[in-house]
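Enquirer: Below are the structure tokens for one structure; questions will follow.
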Amino acid sequence: MEDLIENSVIEGLLFSAFDKFGPQPIYMFPKEVSEEEAEQSKLENVVKLSYRDYTQISIKNLSMMAGDQEYIELHKDPDKAPYFAILPFPDFNLTSLTIFHFIRFKTSKEPTAASFSILVDRNRRSFLYNNLTQLKSLVFNFLLKLDLEISNGYKSPEMMEPFFKDLLLKLIEIEKKPYAPITHATRIKVVFAGLDDSGKTSFLLSIDRKYSKLIGLKPTIGANVTSIQALGASIFLWDLGGQIASRQKYLTKSQIYLYETDLLFYFIDIKNKARFEESIEYFQKIMVALKEFKMNTPIIFIFSKGDKDIVNNQEIKENIQYIKAKLIEIVSSKKPEIFITSIFSIFSILQAFSSGISKLSPNRKLINLILQRFSNRADISLSLLLNNEGLVLADFFSWKALKSSEIRPPGEEADDGKLRNIFEITAPQFTMLYKIFSEFRALKQDESIFKIADSVILFKKIRIADYDFFVLFLMDDEIKKDRINELMPDFMYRTGDLLLRYIS
Ligand SMILES: Nc1nc2c(ncn2[C@@H]2O[C@H](COP(=O)(O)OP(=O)(O)OP(=O)(O)O)[C@@H](O)[C@H]2O)c(=O)[nH]1
Ligand SMILES: [Mg+2]
């Protein structure tokens, strides 16, 4: 086992569980070393973990995933629990893929919260990102088997070793496959496609706040690739100019243009009904190409040019309904994710972009959950976590906590359960919030309070490493600020590392 680990990207396997002393390491491979040896190994830049190190990792794993005493509550609502996350352990130069899990012992009524981690050198963490789907399913199966083995109680590490070894061999197989290169930096390819004149370049310029270039914009000829460094990754943006000749080229040379697309934004000009059929046809061809590469690329549909003054016109509404129905037919497997955007509402563009980018973040669910717990504890009805560029990294919304009638559109039921996308419902309010956000950011203060109708918005700037993040809270009473400030350090502790590595 030790030898296998030494020669692979895997630095360790750790199974931890709660017991009466808190989170404890139960099975760990390679075997722990003495503390002196662990100290020494740090100087030599190799990873050797002592029992205390494994315990620290167990504590972080379980407290991040389950949160102190809340793990039983999570269990009551398993759908809400994030079952995995990629967690950084900078103290040990490690990154883990951690799967959260409940063990059901025959001897106990209550399930026991547990976690299983694959530990890798943090400089080689792209192994986890590049093979996430495969690794997850491998580990889920492994845990099922493990459950059966220990259902009468923990067995000795020696007895369990073959199980872990079996898993390790499978992991090494994945590592050896040539299509899973281990690179140092995460590189992400985002493709923007749609007919000519559908607003792709305008959307991209808006994300970049290059408003002055929006005027007199010319059609994009061929593909225009730019890149941004954000959220711990290099994001390559492929703006595929939509002229007919170019479209054909992308499809015949899909190996170049569509291969390894991590995320696709597909644009439809909702004002131009005459071209809906043409647009759908192009989309279907792109889908065929993507399917050939066996890629499960997430798709975000952008209904562009939904400017405020026309978006509620009967004609536009009908257009939207029509094209929505078409898309539902095409992507029959799941609900298409649609955003109506306008270059006159920067927030509409940022939230569409954020939603796409969040699909690339394995930790998004966990960050959301931490924000949700925070908001519940502080009795906050709406909170948003933004990065300096205004991307929404996490959001929380609850009707229950929302007493103010101002923000609820007429006819909306006060029903928490049915909410899926908070942006859909509160878009106009968010536009306003975003405007305030821009003002706040310009102020260079750490905290600011804005009053709107019978609500209060609190903005807080938090600094993690060299980066600014912003949290925005909507509340009915300024008094809740104290509670927020009290809970803030814990929130920052829990989310800090996750935010720095949002997608890498
Ligand atoms: N009213 C309105 N016009 C928009 C919006 N977005 C883009 N446009 C206009 O639509 C036209 C085409 O926009 P582009 O961004 O160049 O479209 P494109 O998809 O990049 O087009 P190609 O490069 O030819 O594929 C321009 O005149 C834009 O000003 C919008 O949200 N509202
Ligand atoms: Mg263009």
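Enquirer: Could you run through region 457-504 and say how many residues are touching a residue at least 40 places away in the same chain (Cβ under 8 Å), in contact with a Ser or Thr (Cβ under 8 Å, 6 or more places away or on another chain) and among the aromatic types (Phe, Trp, Tyr)?
Expert: 2
Enquirer: Could you list, in sequence order, all residues of region 187-199 that are charged (D, E, K, R) and within 11 Å of ligand 2 (Cβ to nearest atom)?
Expert: Answer for region 187-199, where residues must be charged (D, E, K, R) and within 11 Å of ligand 2 (Cβ to nearest atom): ASP196, ASP197.
Enquirer: Touching a strand residue (DSSP E or B) at 6+ places or on another chain (Cβ under 7 Å), in contact (Cβ under 8 Å) with a residue 24 or more places away in the chain and away from ligand 1 (no atom under 12 Å from the Cβ): does that describe GLU260?
Expert: yes
Enquirer: In addition: Looking for whichever is in a helix (DSSP H, G or I), away from ligand 2 (no atom under 12 Å from the Cβ) and assigned by TED's automatic domain parsing to the domain that holds GLN248 here; the options are SER212, SER202. Which one fits?
Expert: SER212
Enquirer: Moving to a separate point now. Could you tell me how many of the residues in region 272-310 are within 11 Å of ligand 1 (Cβ to nearest atom) and of a type in the set (Asp, Glu)?
Expert: 2
Enquirer: Quick check, is ASP269 of a type outside the set (Gly, Ala, Ser) and either over 28 Å from PHE347 (Cβ atoms) or within 16 Å of ligand 1 (Cβ to nearest atom) (or both)?
Expert: So ASP269 fits the description; yes.
Enquirer: Moving to a separate point now. Please go through region 215-242 and pick out each residue that is in contact (Cβ under 8 Å) with a residue 40 or more places away in the chain, in a loop (DSSP other than H, G, I, E, B) and at negative phi.
Expert: GLY241, GLY242
Enquirer: With the condition being buried (at least 17 other Cβ atoms within 10 Å of the Cβ), I'd like the strands (runs of 3 or more DSSP E) fully within region 433-489 carrying at least 3 qualifying residues.
Expert: Filter on region 433-489 gives 455-464, 467-475.
Enquirer: When region 57-110 is examined, which residues are found to be under 18 Å from LEU13 (Cβ atoms), modelled with pLDDT under 85 and assigned to a loop (DSSP other than H, G, I, E, B)?
Expert: Within region 57-110, TYR83 is the sole residue that qualifies.
Enquirer: Further question on the same structure: Name the residues in region 243-262 that are in a helix (DSSP H, G or I), among the aliphatic types (A, V, I, L, M) and more than 16 Å from ligand 2 (Cβ to nearest atom), would you?
Expert: LEU251, ILE256
Enquirer: Can you run down the residue pairs with Cβ atoms below 8 Å, 6 or more apart or on separate chains, where the first is in region 444-456 and without any contact (Cβ under 8 Å) to a residue 60 or more places away in the chain and the partner is of a type in the set (Lys, Arg)?
Expert: GLN445/LYS461; ASP446/LYS460; ASP446/LYS461; GLU447/LYS460; GLU447/LYS461; ILE449/LYS481
Enquirer: Taking region 190-210 as the region of interest, how many residues are under 30 Å from the mean Cα position of the chain (by Cα) and within 11 Å of ligand 1 (Cβ to nearest atom)?
Expert: The qualifying residues number 13.
Enquirer: Another question, then. Return the residues of region 222-240 that are within 16 Å of ligand 2 (Cβ to nearest atom) and either of a type in the set (Asp, Glu) or touching a Lys or Arg at 6+ places or on another chain (Cβ under 8 Å) (or both); say none if nothing qualifies.
Expert: Listed by number, the residues that qualify are GLY222, TRP238, ASP239, LEU240.
Enquirer: Based on this model, can you work out whether GLY153 counts as more than 8 Å from ligand 1 (Cβ to nearest atom) and closer than 30 Å to ILE302 by Cβ?
Expert: For GLY153, the condition - more than 8 Å from ligand 1 (Cβ to nearest atom) and closer than 30 Å to ILE302 by Cβ - is not met.
Enquirer: Kindly provide the set of residues from region 235-257 that are more than 16 Å from ligand 1 (Cβ to nearest atom) and hydrophobic (A, V, I, L, M, F, W, C), ordered by number.
Expert: Answer for region 235-257, where residues must be more than 16 Å from ligand 1 (Cβ to nearest atom) and hydrophobic (A, V, I, L, M, F, W, C): ILE235, PHE236, ILE256.
Enquirer: Is it fair to say LYS170 is surrounded by 14 or more Cβ atoms within 10 Å (Cβ to Cβ), among the basic types (Lys, Arg), under 19 Å from ILE503 (Cα atoms) and away from ligand 1 (no atom under 16 Å from the Cβ)?
Expert: Criteria not met by LYS170.
The values are calculated or read from the model by the stated rules, or taken from the named source; none is laboratory data. A quick note: this is a predicted structure, and the numbers were derived from the prediction, not measured. Heads up, the Cβs are rebuilt from the backbone with ideal geometry, glycines too, and the neighbour counts pull from every protein chain shown.
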